[in-house]
Amino acid sequence: MKKILFYLLLSSTLILGAASCEDPIIPDKEEDKNLSGSITEVRTLDATVEYLLVGPLLVEDGGVLNIPAGTTIKAKKGFSSYILVLQGGKINVNGTAEKPVTMTADIPNAEQGHWGGLVINGKAPLADPKEKGSTEINSAYLYGGNDPKDNSGSITYLKLEYTGARSSANVEHNGLTLNGVGNGTKIENIYIPNGADDGIEFFGGSVNVTNLLVVNSDDDMFDFTQGYNGTLENCYGIWETGYVSSESDPRGVEADGNLDGLSPEHPNQSNFKIKNMTIDLRLAASTTEGCYMHDVIKVRRGAKATIENALVKGQGQAKDLVDLTDGKGAAQESTTISITNSLTTKISGKEVNGTGNVTVKAGNSGCPANIFSWTGYTL
């Protein structure tokens, strides 16, 4: 009998040992559902757990945050609810078309600016490659450097909802903020609805972003500054019927060569590309502030933009179609833009303001609409 028990125990041990080699996913503990603090090693979330972001979540230098397909992170209301990937840290958002990753508010019927958003700090050059930038939401964290190929991870099939919390008029989140992010970072298939401030903003760096849908951004849909020199390809921006912006000068594209136009002498002024862009203004025609777009495309302060196959459509109002002027410096004259204006309401300002190679013509197709079916949003 003792021999039988011994063999049974031995067999059980072998079975358990074999099973342990499979590295089963162990669900996070109940207390680990709340996200905040610092990640200094590798942390992989569990798609079966609904997480609650209760404060700043920092991915430190050497840390890695892995988020599997289908994961949902809900954020408590407030400026301090955000995810920030610091220089040397990495985030891997591994969503799929069938199971995207969702970062959203912790309550139904939330409003713009409910929580912060996602911020990534990289080591790619800025307008002045000798300088570092200070993160807008916390100046203690720096970004920028001399590695255009810097890798901050991979982000695919991500929904960022109700972002853009602010602590003051000049300190506020965007949906996705890319600070000096290098082109070793992969970012594609992103959906940013109902965010305060900008949908996406590039502060320098060289990262490329592909397949981006922004709906009802309070300020600019696509914002570029501080020496950004990458490519945004397949971008679609929408203002829905009845939408009202609280900002003083909302735009489709806003591009500065350097930060706030304060450094025209910096050697790496923004020099970026946009390929295949649609801006859809579904608003009723109106010249009431907040109910029209100031500029569909604004390039200024030493920036050079190459914009191919752009289309603006809808019944909404815009002041200027393309504006290349500014009190702190105009766009580079080598800026090249091809745009089709299919707005049914006449613009109230100028079709082209300033000097550049701007072609306003019929026939541009803009961004393909069928690439965003995974979002569930009807284009």
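Each reported figure results from applying straightforward, stated rules to the coordinates on display, with no laboratory input. These numbers were taken from a predicted model, which means no experiment stands behind them. Quick reminder, even Gly has a Cβ in these numbers, built from the backbone with ideal geometry, and neighbours come from all protein chains shown.
Per residue, the convex hull around the alpha carbon atoms of the chain comes to 146 Å³. Helical content alone sets the calculated 222 nm signal of the chain at -1500 deg cm²/dmol, taking -39,500 (n - 2.57) per DSSP H segment of four or more residues and averaging over every residue. State the Kirkwood hydrodynamic radius of region 55-213 in Å, one decimal place, computed from all pairs of distinct Cα atoms. Roughly 15.2 Å, rounded to one decimal. Highest mobility in the GNM of the chain, judged by mean-square fluctuation with C-alpha springs under 10 Å and restricted to 198, 46, 260, is found for 260.
Output the antiparallel fraction of DSSP beta bridges having both residues in the chain, as a percent to the nearest 5. Antiparallel bridges: around 5 percent, rounded to the nearest 5.
Per residue, the convex hull spanned by the alpha carbons of region 280-379 comes to 118 Å³. Cross-link partners for residue 350 among the lysines, with Cα-Cα distance under 19 Å and sequence neighbours closer than 8 places in the same chain left out: 298, 313, 319, 361. Among residues other than residue 264 with Cβ under 12 Å from its Cβ, the summed charge is -2 (Lys and Arg +1, Asp and Glu -1).
Across the options 69, 303, 379, the greatest Cα extent toward the positive end of the charge dipole of the chain (unit charges at beta carbon of Lys, Arg, Asp, Glu) belongs to 69. For the residues 265, 240, 188, a GNM of the chain with alpha-carbon springs under 10 Å puts the largest fluctuation on 265. Among 177, 72, 344, the largest mean-square fluctuation in a Gaussian network model of the chain, built with springs joining Cα atoms closer than 10 Å, belongs to 344.
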